[in-house]
Each structure stands twice: as C-alpha cells, then as structure tokens.
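Just so you know, all these numbers are worked out from the coordinates, no wet-lab data involved. None of the values given here were measured: they were computed from a predicted structure. Every residue, glycine as well, gets a Cβ built from its backbone with ideal geometry; the counts of neighbours run over all protein chains shown.
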Amino acid sequence: MNAPLPAGVLKQHLIDPEVCIRCNTCEETCPIDAITHDSNNYVVDASICNHCMACVPPCPTGSIDNWLTVLADKPYTLEEQFSWEALPAEQPLPEAPIDDVAAQTTEAPPVVADEDRHPSLDGYPSTGAGASIPPWSAAHPYVNLYTHKNPITATVVGNYRVTADDTESDIRHIVLDFGTAPFPVLEGQSIAIFPPGVDENGRPYHARQYSIASPRDGERPRYNNLSLTVKRVTTDYDAKPALGVCSNYLCDLKKNDTVRVIGPYGNTFLMPNHADANIIMICTGTGSAPMRAMTERCRRLRKESAFQGKLMLFFGARTERELPYFGPLMNLPKDFIDINLALSREVGQPKRYVQDLLVERAADIRTLLDSDKTCIYVCGLKGMEDGVLQALESVVSGAGLQWPDVHAQLKAQGRLHFETY
Ligand code: FAD
Ligand code: A2P
C-alpha cells in the first residue's frame, strides 16, 4: 500500500464489515482515534487516519487490512461506511489527466513513510498497555484457518453451568467437538461464533469472540475438542435489561447441536513454553477462560515432570458461588498454583478487587518479576486494566524500580498481555 500513487489519489483505509467481528481491538489500538463504530460497523475516518498501521497487526481477523483507491477529495464518508454490508468494489478512477485530478484535490491525509510506520509492525511493543509479541518460547499459533466465507461446524458435546444455580451469574462451560476437521489451537487463543438469525436491519448477525478455556491437546486430552466459558448477558453495560444475542444462544445450546465457528485468533496472548517459566494470571469472571487453559496445560505437563515453574492466580468475582470453576480450582494442589480470590460482593466481607490483592502480595510478585522467566496475563473486564496497571506500578516501585522501565521491558520481551472486553 506504500507504492507511489498519482497525485490526487488516495489508498483509503477501510474495514471489511463482512469479516469484522466487532472486537474493538482496532479502536483501542489506534493512537490518534481515527477508528470509531456504531451498532453496525467499525469505520476509519479518512480525515484522521495517517496510515501508521498500528491497528493492523492486532486485528484478529485481518478485516482491518483493506485499502481502496479513491480520489483524495472524495473518500468514503463515515456515514457511507456505517451503512455498508460489504466493502464496495474498487471504483475505476476518472480518465482525467493526473494534473486535472490533482487540481480537484483537497489535502490528502499524509501517508506515513516506511521508517515512521508504527513499531508494532516490526514486532516491537505497541503503544498499548500490553506487548504485541508473544513470549520467546511460545509455540507458533495457527490463525484464521476458518473465515466467514468458510466457517467450520462444531458439535456441542457438553454444556453445563459453572456458577451456583441460584445466583445471577449464569456462566457455562461449553465443549465443542470438531470431529475430523483440523482445528489446532493454543492456550490464550480465541474463536468466534456466528449466532443464527439476522439483526433488526435484516443482516446476518456478526460473529462474537470467545476465549478458549482448554489446553492445546483438547478439553479431553487427545480429543479434537475445545471448551469455552460463556456468560449469559442479560443486561447492557448500563444494567438495563438486554438479552445478548450470542451468549444466550450459546448458553441454551444442547448436546449434539451444531455451531458455526471461525478462527482461531490470537498470536500474542500465548503462554511461554519453557519448563521453568512462571505465570502470573489476573482475571475477572469469564476472563478466567485462558487462565484455565494455561493452568491445565501446566498441570498436564507437570504430571510428566515437564513443568517446574510457578503459577500465581488473581481471580475476581462477585462471590465464591459466582466464581466460575470454583470447586475444581480449589482442588488444585497448593504447591502447584498460588490462588488469590478477590470477592466484591460477599456478604460480611469487604469489597476486594484483583488489584487490591496484587498490592497485598507485592513481595511475592516482585520475587517472580525479578526473573525474566515470568509472564503476566490479564483477562476479563476492560475496567480492570487501569487498576491492574496502577497496582503493578505500586508493586514494582515498592522495590525502588521505575515502573516505566519495567513496563517497557515486559512489553519488549512479550511478557505482559491484556485481553479485556
Ligand atoms: P450482544 O447482543 O452483542 O449485546 C447485548 C447488549 O449487551 C448490548 O447492549 C451490549 O452493549 C451489552 N454487552 C455486550 N457484551 C457484554 C458483556 N460482556 N457484558 C455486559 N454487557 C454486554 N465473553 C464470554 O462470555 N466469554 C469469553 O471467554 C469471552 N471472550 C472474549 C474475548 C474477546 C477478545 C472479546 C473481544 C470478547 C469476549 N467475550 C467473551 C465477549 C463476547 O464476545 C460477547 O461480546 C458477549 O458474549 C456478548 O455478546 P452477545 O451477543 O450476547 O451480546
Ligand atoms: P463488582 O461487584 O464491583 O461488579 P462480573 O461478575 O460483572 O463479570 O464482574 C467480575 C468481578 O469483577 C466482580 O467482582 C466485579 O465487581 C469486578 N470488577 C468490576 N469492575 C472492576 C474493576 N474496575 N477492576 C477490577 N474488578 C472489577
């Protein structure tokens, strides 16, 4: 896309609405707020976008990486992009001499030169809070094996509730089997699922993303299956009643139902593969899914004496009864995983968030962070990101270290990862 263009012509950066899974990663990553969305589509404002490419590598589907040639003074407007169901075909440009085209031109957004392109393109840390590269020993992931044009069908082989029945939080453990179809995944990756049906505009629902909760060799070892941890959404973010389309579809699935799946996604939020790596996991609610996957991977490796690292888990939920997988989690050996539960609505107990526990356990976290074999993963509510960063800053500065330096090093070494939604 950096090939020279005639004057007055622009490669407009656009998002393919058919492929986009509306995960918000691009909007979060864009350092200059050129990306926005409505209830239909994610769109790029041509008057702001400077083609820095920061948003391109983190996009799980590649839908962000579309460039159409347009007249620089007539880029597609936000309103046009909001209304699209598919990208328009490339339009032939008018057969005017270049000078005439240039004469019509208002100022085009600058195209960023190669040397000024965003460093995340080169595998260096992004400007975001987490690393844009995986740890050095991570296994190589497969991504985008199945797309919206060729989704794969999986069969539901299990669906049970992992929170107490009489609580508000209906969180399900759902096991999907892929039969003989290849679907290789790694811990930390996610998939997306198409709910059946169409939205209020008659468009097929877009796919929703879910973290994989099982390790690479399957929910049941050596089976071609995987599990998800799905929370039934019954209110919107303002706590008004709203039935989430995909979460309700998934939570109501019965054994032998089939679902349409795309993915896998994710090439940075991946666990280290060296036997003496330490993993600090920080999560709330369904953010426990990738932590379950990593923990189970380590547990299986440990049985073969192939894992000797330390695991430290900080897990936030309203109450014990609303904490997914509470029973199995508490049965894990204490010398295998150091579990810290932050309960916010337990009767008779003070409200605690994961970041409070990080500060309480500062000395032990610092000891782990002294080693460059330690990686940190944060997953769950978007709202916890800032709090967790502040808590890590306080942990590190308690040892007289400068958080900006430690933070930069963690990112550069692919040792700090966020997946929040
Ligand atoms: P929608 O029909 O899309 O939305 C219904 C209403 O609820 C809307 O008003 C919307 O604003 C609001 N809403 C949407 N999502 C939520 C929410 N999470 N909490 C409260 N209100 C909401 N979800 C899981 O359950 N488990 C996972 O492991 C998981 N992993 C994810 C990983 C990534 C990278 C991302 C981006 C998201 C993940 N999600 C996960 C969230 C999931 O993709 C859906 O957004 C969620 O299930 C809601 O979809 P829905 O179709 O049910 O709701
Ligand atoms: P709260 O009781 O304040 O909602 P949920 O059940 O909604 O998925 O939330 C999981 C846990 O995350 C709850 O204990 C919730 O507490 C907590 N939580 C909410 N906001 C934050 C935040 N900003 N930082 C950390 N934890 C949070």
Rounded to one decimal in Å, the inverse mean reciprocal Cα-Cα distance for the chain, i.e. its Kirkwood radius, is 23.0 Å
Which value in deg cm²/dmol, rounded to the nearest 500, describes the helix-derived mean residue ellipticity at 222 nm for the chain, given -39,500 (n - 2.57) per DSSP H run of n ≥ 4 and division by the residue count?
-> -5500 deg cm²/dmol
When the chain is treated as a Gaussian network with springs between alpha carbons less than 10 Å apart, the largest mean-square fluctuation among PRO141, PRO328, PRO215 is found at PRO328
Sorting THR69, PRO333, MET294 by the position of each Cα along the dipole of the chain (Lys, Arg +1; Asp, Glu -1; all at Cβ), the one nearest the positive end of that ordering is PRO333
Hey, got the dipole for the stretch 226-329? About the Cα centre, +1 on K and R Cβ, -1 on D and E Cβ, debye to the nearest 20?
-> 260 debye
Counting DSSP beta bridges with both ends in the chain, the antiparallel % (nearest 5) = 60 percent
Aspartates and glutamates with Cα under 14 Å of LYS373, excluding same-chain neighbours fewer than 8 positions away | ASP276
What's the center-to-center distance, using Cα atoms, between the stretch 197-263 and the stretch 359-413 in Å?
-> 32 Å
What is the gain in length, in nm to one decimal, between LEU401 and PHE336 on full extension, counting 0.36 nm per residue of separation less the C-alpha to C-alpha distance?
-> 20.5 nm
With springs connecting C-alpha atoms under 10 Å apart, model the chain as a Gaussian network and identify which of LEU228, LEU93, LEU243 has the largest mean-square fluctuation.
-> LEU93
Dipole magnitude of the stretch 1-95, debye to nearest 20 (Cβ charges: Lys/Arg +1, Asp/Glu -1, about Cα centre) | 240 debye
About the Cα centre, charge dipole magnitude for the chain (Lys/Arg +1, Asp/Glu -1 at Cβ), debye = 2200 debye
Over the chain, relative contact order from alpha-carbon pairs under 8 Å, at least 6 apart, % | 16 percent
Would you mind computing, in nm to one decimal, how far apart the modelled labels at VAL347 and SER305 are, each placed 7 Å from Cα along Cα→Cβ?
-> 5.0 nm
Using a 10 angstrom cutoff on alpha carbons, build the Gaussian network for the chain and name the most mobile of SER63, SER214, SER190.
-> SER63
The ³J(HN,Hα) series, computed from each phi in the stretch 207-216 with the Karplus coefficients 6.51, -1.76 and 1.60 at θ = phi - 60°, rounded to the nearest Hz and given as x for glycine or proline, is 6, 10, 9, 9, 6, 7, 9, 10, x, 4
By how many nm would the segment from ASP386 to SER137 grow when fully extended, if each residue of separation counts as 0.36 nm and the alpha-carbon distance is taken off?
-> 86.9 nm
Taking r as the C-beta separation of ARG222 and ASN201 and R0 as 45 Å, the FRET efficiency to the nearest 0.05 is 0.55
Charge-dipole axis of the chain as Lys and Arg at +1 and Asp and Glu at -1 on Cβ define it, positive-most pick from HIS173, PRO4, ALA138 = HIS173
